[in-house]
Structures are given as structure tokens and as C-alpha cells.
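Structure first, then comments.
The values are calculated or read from the model by the stated rules, or taken from the named source; none is laboratory data. Everything quoted here is computed from the prediction, not taken from an experiment. Here Cβ is always computed from backbone atoms with ideal geometry, including for glycine, and neighbour counts include all displayed protein chains.
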Amino acid sequence: MRHSFHLLISAFFVFLVMSCSDSSVESIVITGSTTVAPVVADAALRFEEANPGIRVEVQTGGSSRGISDAKSGLADLGMASRDLKPGEEDLTSHCIAIDGVGLIVNRQNDVKGLTREQVIQIYRKEITDWSELGGKAGGILVANKADGRGTLEVFLKYLGLDSADIKADVIVGGNQQAIKTVAGDPNAIGYVSIGAAASEISSGTPIRLLESDGVVAATDSVAKGQFPITRPLLLVSRSDTSEETGRFIEYIKSDAVKDIIESHLYVPASK
């Protein structure tokens, strides 16, 4: 009886150890851009289904976070919605898609488009009312992206401005926060991923994309190279990536996820 009891106790502890540690599952941690994250998250689910021994964890926080985490090893991969800059050359960039940065206004705003010079004047508070641009009278509420966001850096490069030049009324983080701000105020203006904005518009969110320098803000004009504010959507990695991480990079760059990229209204990098 005592022997059977000891066997039972031993079996219980073996079961407990096996339950608490599954060394067969490998994890890939990916952090960064809120623009890139939806594509990576959807691709990760499909990748996990085909590779049951691998778990992919996707976290946001902005392009700067993704690049910093990849450099320091806090993440296996970083997500960035801008090109790598000087000082970041120790990382390797993997372009998975192309996107545009579009200006958005509330659906009640009847201004059709803006030139680069007009946008500069708006963001420097040299134009402060929509009536100065042929719209209905109303003070312009300027929404700007927070530091560390790839979209901000792409936008500033297009305008030829520094962060100190911008006179913002509201600071926003990811695309969704910017869209929510503009959707809630008839006089607001902001800028976000064209893909993210187009998806929200198709779902009924009360915003509009403005033409930039006479070019329609749309996936098609980005694909044709016509839209003036475009940027790559990247995964970034160190040179010592694991075999599993390397497999995920190759997977997300392959035709296996082309439909996912297009469903988010981005342009596949191979296109």
C-alpha cells in the first residue's frame, strides 16, 4: 500500500513538471509600429497554424520601440513604418509592404485636397481656419503624431520640417487614436496610414482622405508610385536571429501572406 502511494506521488510530480514546462514551444517576440502590427499579427496566426511548435507574440509601441527592442534583444524582430536611419545600420531591414501617409479630415469637411505648402502652413499655424482653404468657417484643430512614431518621421520629411516647427493642438499615438480624434471633430486634421484610413472609411467611420498635391490618397496611387508620401513597412532583425525567426521572416515575405497584406489595403513589397 505504501509502495503504491509513493508511486502515485512520484507520478503526480512528473505530471506537474511536464505541465509547467513545455520546452518544445519556441517563442518569437515582435514589437513596434502600429501600422505594421495588424499585418504581422494576422500572418502570425497563419504561421502558428502551420508551425504548432512556434508561438508569435506581437506588441505595439511605435517604430522607435521596435527598432530599439530589436537592437537590444528585448524582441526577436522589430516593426517599423520608416526606413532605417544612420546609427541603425547594424540591423537588417525586411520590406513586407508599401504604404502611403494620407491626410484625413472629418466627413463633414468639404475641402477636397491640399498642397504641400498648405499643409506646412496648417501645421505651423500660419493657416488657422478652414475658410482660408475654401471650406466652411471653423478653426483648424491640428493633430500631430507623438515622437517615436514612424509615420511622424515620414510626414516631417515630406514637409521638410522638424518637430519643433509643428504647432499641434492634439498629440496622438497610433493610427486608431488619430482616426478617432478626426472622426470626433468636424474641424480636425491628422495624418495616418492610407491603408488604415481606407479600412476605417469602408467600415463607416466618418473621415475622408484628402488629395495630396492633386493625387488621390489610395492604395492604387501608392502602387503606381504616384502618391507623394510613401514609405516601406518593415521587419528589422539582428544578424543572430534564431532559425524560427528566420523562418517567420521568409514566410511573411512570401506569396503566402500576399492576401493578408492586400486585405489591409497595403501594397505587397513584391508588386
_Looking at region 212-223, can you tell me whether even one residue there is in contact (Cβ under 8 Å) with a residue 60 or more places away in the chain, closer than 21 Å to PRO86 by Cβ and among the small types (Gly, Ala, Ser)?_
no
_Is it the case, given these coordinates, that LYS258 is in a helix (DSSP H, G or I), among the basic types (Lys, Arg) and without any contact (Cβ under 8 Å) to a residue 12 or more places away in the chain?_
no
*What do you reckon, is THR230 polar (S, T, N, Q), over 30 Å from LYS71 (Cβ atoms) and either at pLDDT 95 or above or buried (at least 17 other Cβ atoms within 10 Å of the Cβ) (or both)?*
no
*Is at least one residue of region 165-173 modelled with pLDDT of 95 or more, assigned to a helix (DSSP H, G or I) and closer than 25 Å to LEU84 by Cα?*
yes
*Since ALA197 meets every condition but one in (1) in the same structural domain as THR60 (by TED's automatic domain parsing); (2) small (Gly, Ala, Ser); (3) assigned to a helix (DSSP H, G or I), which condition does it not meet?*
(1)
*asked:* Here is a check on your reading of the model: is ILE120 within 19 Å of THR230 (Cα to Cα) and in a strand (DSSP E or B)?
replied: no
*Just name the residue that is surrounded by the fewest Cβ atoms within 10 Å (Cβ to Cβ) out of those in region 155-188 that are aliphatic (A, V, I, L, M) and within 19 Å of the chain's Cα centre (by Cα).*
ILE171
*Is it the case that ASP83 is closer than 23 Å to LYS258 by Cβ and modelled with pLDDT under 95?*
yes
